[in-house]
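Visitor: Can you keep this structure in mind? I'll have questions shortly.
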Amino acid sequence: MTTLFTKIINQEIPSYKIAENEQFYAFLDIRPISPGHTLVIPKIEIDHFYELPDPYLSQIMVFAKPIAHAIEKAVTCLRVGSMIAGLEVPHAHLHLVPIQSMQTFSFAYAKAAEDSELQEMQQRILTYLG
(Lines give C-alpha, C1' and ligand atoms only; values in the text may rest on other atoms or scores of the structure.)
Protein backbone atom coordinates (compact mmCIF):
# COMPACT_ATOMS: atom_id res chain seq x y z
CA MET A 1 0.00 0.00 0.00
CA THR A 2 1.33 3.44 -0.95
CA THR A 3 2.23 5.59 2.05
CA LEU A 4 1.21 9.19 2.63
CA PHE A 5 4.83 10.20 2.09
CA THR A 6 5.04 8.40 -1.25
CA LYS A 7 1.94 10.32 -2.31
CA ILE A 8 3.74 13.54 -1.33
CA ILE A 9 6.84 12.53 -3.31
CA ASN A 10 4.63 11.75 -6.31
CA GLN A 11 2.88 15.12 -5.90
CA GLU A 12 -0.49 13.46 -5.37
CA ILE A 13 -0.65 15.42 -2.11
CA PRO A 14 0.77 18.95 -1.97
CA SER A 15 3.73 19.78 0.26
CA TYR A 16 6.05 22.65 1.06
CA LYS A 17 9.15 21.18 -0.58
CA ILE A 18 12.53 22.22 0.72
CA ALA A 19 14.84 19.94 -1.30
CA GLU A 20 14.86 16.85 -3.50
CA ASN A 21 17.29 14.57 -5.27
CA GLU A 22 17.09 11.06 -6.76
CA GLN A 23 17.03 9.37 -3.34
CA PHE A 24 15.41 11.82 -0.92
CA TYR A 25 12.69 14.44 -0.50
CA ALA A 26 12.48 17.10 2.23
CA PHE A 27 9.41 19.13 3.11
CA LEU A 28 7.94 21.16 5.96
CA ASP A 29 5.92 19.32 8.58
CA ILE A 30 2.35 20.69 8.59
CA ARG A 31 2.18 20.06 12.37
CA PRO A 32 5.56 21.43 13.37
CA ILE A 33 7.06 21.13 16.82
CA SER A 34 8.49 24.57 16.04
CA PRO A 35 8.50 26.70 12.88
CA GLY A 36 10.92 25.27 10.32
CA HIS A 37 10.38 21.64 11.36
CA THR A 38 11.30 19.68 8.24
CA LEU A 39 10.89 16.01 7.34
CA VAL A 40 13.52 14.22 5.28
CA ILE A 41 12.31 11.01 3.65
CA PRO A 42 13.79 8.39 1.36
CA LYS A 43 12.00 7.85 -1.93
CA ILE A 44 11.88 4.11 -1.25
CA GLU A 45 9.08 2.79 0.95
CA ILE A 46 10.61 1.25 4.04
CA ASP A 47 8.81 1.50 7.35
CA HIS A 48 11.67 1.26 9.87
CA PHE A 49 14.47 3.79 9.56
CA TYR A 50 17.23 1.34 10.48
CA GLU A 51 16.08 -1.10 7.83
CA LEU A 52 17.12 1.35 5.13
CA PRO A 53 19.94 0.05 2.93
CA ASP A 54 23.34 1.25 4.19
CA PRO A 55 23.88 3.75 1.35
CA TYR A 56 20.57 5.42 2.26
CA LEU A 57 21.47 5.57 5.95
CA SER A 58 24.70 7.40 5.27
CA GLN A 59 23.40 9.61 2.46
CA ILE A 60 20.29 10.81 4.30
CA MET A 61 22.51 12.71 6.74
CA VAL A 62 24.61 14.17 3.92
CA PHE A 63 21.37 15.26 2.19
CA ALA A 64 20.01 16.73 5.46
CA LYS A 65 23.16 18.68 6.38
CA PRO A 66 22.68 21.76 4.14
CA ILE A 67 18.98 21.79 5.01
CA ALA A 68 19.78 21.89 8.74
CA HIS A 69 22.24 24.75 8.13
CA ALA A 70 19.59 26.66 6.16
CA ILE A 71 17.02 26.13 8.92
CA GLU A 72 19.50 27.46 11.51
CA LYS A 73 19.88 30.65 9.45
CA ALA A 74 16.15 31.02 8.73
CA VAL A 75 14.90 30.45 12.28
CA THR A 76 16.06 31.73 15.65
CA CYS A 77 17.22 28.59 17.44
CA LEU A 78 20.17 27.21 19.38
CA ARG A 79 20.47 24.30 16.96
CA VAL A 80 18.54 21.94 14.76
CA GLY A 81 17.74 18.74 16.58
CA SER A 82 17.36 15.47 14.69
CA MET A 83 14.78 12.88 15.65
CA ILE A 84 13.85 9.48 14.30
CA ALA A 85 10.46 8.56 15.73
CA GLY A 86 8.55 7.14 12.80
CA LEU A 87 5.29 6.07 14.40
CA GLU A 88 2.90 8.43 12.62
CA VAL A 89 3.54 7.29 9.04
CA PRO A 90 4.89 3.83 8.12
CA HIS A 91 7.67 5.32 5.98
CA ALA A 92 11.18 5.96 7.33
CA HIS A 93 11.79 9.63 8.04
CA LEU A 94 14.11 12.03 9.80
CA HIS A 95 12.78 15.08 11.66
CA LEU A 96 14.89 18.26 11.60
CA VAL A 97 13.54 20.49 14.35
CA PRO A 98 14.77 23.96 15.35
CA ILE A 99 15.14 23.87 19.14
CA GLN A 100 15.83 26.22 22.02
CA SER A 101 15.97 23.53 24.71
CA MET A 102 15.49 19.81 25.23
CA GLN A 103 12.24 20.50 27.08
CA THR A 104 10.59 21.81 23.91
CA PHE A 105 12.00 19.08 21.65
CA SER A 106 8.79 17.09 21.95
CA PHE A 107 5.71 16.27 19.88
CA ALA A 108 3.69 17.67 22.79
CA TYR A 109 4.48 21.09 21.25
CA ALA A 110 3.35 20.16 17.72
CA LYS A 111 0.47 22.18 16.35
CA ALA A 112 -1.08 22.72 12.95
CA ALA A 113 0.46 25.55 10.96
CA GLU A 114 -1.41 27.88 8.64
CA ASP A 115 -0.64 27.68 4.91
CA SER A 116 0.62 31.27 4.98
CA GLU A 117 3.08 30.40 7.79
CA LEU A 118 4.33 27.36 5.89
CA GLN A 119 4.74 29.32 2.64
CA GLU A 120 6.71 32.04 4.42
CA MET A 121 8.92 29.50 6.20
CA GLN A 122 9.53 27.59 2.97
CA GLN A 123 10.74 30.78 1.29
CA ARG A 124 12.96 31.70 4.24
CA ILE A 125 14.64 28.29 4.29
CA LEU A 126 15.01 28.19 0.49
CA THR A 127 16.70 31.60 0.60
CA TYR A 128 19.46 30.15 2.76
CA LEU A 129 19.60 26.80 1.00
CA GLY A 130 20.95 28.49 -2.09
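Visitor: Enter the angle in degrees (range 0 to 90, nearest 10) between the Cα long axis of helix 54-74 and the first principal axis of the Cα atoms of the chain, meaning the one along which they spread out most.
Guide: In the chain, helix 54-74 runs at an angle near 20 degrees to the longest axis.
Visitor: Here's another thing I want to ask about it. I want to verify the translational diffusion coefficient of the range 43-86 in µm²/s; compute it with Stokes-Einstein, Rh as the Kirkwood radius over Cα pairs, at 37 °C and 0.692 mPa s.
Guide: Rounded, D is 274 µm²/s.
Visitor: In a Gaussian network model over the chain where Cα atoms closer than 10 Å are linked, find which of Pro32, Pro42, Pro66 has the largest mean-square fluctuation.
Guide: Highest fluctuation among the options: Pro66.
Visitor: In addition: Taking Cα atoms, how many degrees apart are the long axis of helix 115-129 and the longest axis of the chain, rounded to 10 and kept between 0 and 90?
Guide: Tilt of helix 115-129: around 80 degrees.
Visitor: Nearest 20 debye, what's the magnitude of the dipole of the chain about its Cα centre given +1 on Lys and Arg Cβ and -1 on Asp and Glu Cβ?
Guide: My answer is approximately 360 debye.
Visitor: What distance in nm separates the two pseudo spin-label positions at Ser116 and Asp54, each 7 Å out from Cα along the beta-carbon direction?
Guide: The modelled label-to-label distance comes out at 5.1 nm.
Visitor: Just to be sure I understand the model, the point goes 7 Å from the Cα along the line to the Cβ. What's the resulting Lys65 to Ala85 distance in nm?
Guide: 2.7 nm
Visitor: From the protein chains alone at 1.4 Å, what is the descending order of accessible area for Asp115, Asp54, largest first?
Guide: Listed by decreasing accessible area, they come as Asp54, Asp115.
Visitor: Within the chain, what's the longest stretch lacking GluC sites (Glu not before Pro) that sit in DSSP loops with no more than 15 other Cβ atoms inside 10 Å?
Guide: 46-87
Visitor: Could you work out the relative contact order of the chain, using alpha carbon pairs under 8 angstrom and six or more residues apart, expressed as a whole percent?
Guide: Once divided by the residue count of the chain, the mean separation gives 31 percent.
Visitor: Let me ask something additional. I want to check the label-to-label distance for Gln123 and Gln23. Put each point 7 Å from Cα in the C-beta direction and report it in nm to one decimal.
Guide: Using points 7 Å along Cα→Cβ, the separation is 3.3 nm.
The values are calculated or read from the model by the stated rules, or taken from the named source; none is laboratory data. No experiment lies behind these values; they were computed from the predicted model shown. Every residue, glycine among them, receives a Cβ derived from its backbone with ideal geometry; neighbour counts consider all protein chains shown. Surface accessibility is based on the protein's heavy atoms, side chains included, excluding ligands, DNA and RNA. Shrake-Rupley method; radii C 1.70, N 1.55, O 1.52, S 1.80 Å.
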